[in-house]
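The structure appears below as structure tokens.
The values are calculated or read from the model by the stated rules, or taken from the named source; none is laboratory data. Computed from a predicted structure; not experimentally measured. Cβ placement follows ideal geometry from the backbone for every residue including glycine, while neighbour counts extend to all protein chains displayed. Keep in mind that these areas ignore ligands, DNA and RNA; they rest on the heavy atoms of the full protein, side chains included. Shrake-Rupley method; radii C 1.70, N 1.55, O 1.52, S 1.80 Å.
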Amino acid sequence: MTPIEIEDLPAAATDVLQRRSRAAGLSVQEYVRAELIALTGRRVPLDAVVEFLAEERSGHTRPEVDAGGPAVLGVYGLPADARNVLTARAAAAGRPVGEYVRQELIALARRGTIDDAIVEIREAVERVPGMVVDMDAVAASVRYARGL
């Protein structure tokens, strides 16, 4: 079985995850691993459903295991607690594990950050020789536009 290939995600999500991994100095696989671990460490609304199912239907909340599930949970070297959280969330969402993780990666890529905007502009400037851009002004503008 193979992991969810980044290239199998929508092009926009692929571009964002690749850009973020480059900016972090990590391979895409290492970056995705770090993001999945971070995701499992944050409480999300679906966790209320996970807790309800655990209390009301213990033992009956197993997710469907699709071809991507074991690969996602194993190939990325996720710790057991992260695998358990993703598996429980997939079950609560009524989706196969691989599909659930794929959707979470797409959602993650859609949530742009200030750093994303700055890196994207910096890369655009690097592609145009001689272009001079005040990156401090860019950062201030992005923060202002986002209300920060």
Looking at ALA107, ALA139, ALA117, which is the one that is aliphatic (A, V, I, L, M) and surrounded by fewer than 12 Cβ atoms within 10 Å (Cβ to Cβ)? ALA107
Specify which of the listed residues (PRO129, PRO96) is without any contact (Cβ under 8 Å) to a residue 40 or more places away in the chain, more than 16 Å from the chain's Cα centre (by Cα) and closer than 19 Å to LEU39 by Cα. PRO96
Residues of segment 23-36 classified as surrounded by fewer than 18 Cβ atoms within 10 Å (Cβ to Cβ) and touching a residue at least 24 places away in the same chain (Cβ under 8 Å), total: 2
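Looking at VAL65, VAL72, VAL133 in this structure, which one is open to solvent by 40 Å² or more (accessible area, probe 1.4 Å) and at pLDDT below 85? Please lay out each step first, then the result.
Numbers: VAL72 fails: open to solvent by 40 Å² or more (accessible area, probe 1.4 Å); VAL133 fails: at pLDDT below 85.
Exactly one of VAL65, VAL72, VAL133 is open to solvent by 40 Å² or more (accessible area, probe 1.4 Å) and at pLDDT below 85, namely VAL65.
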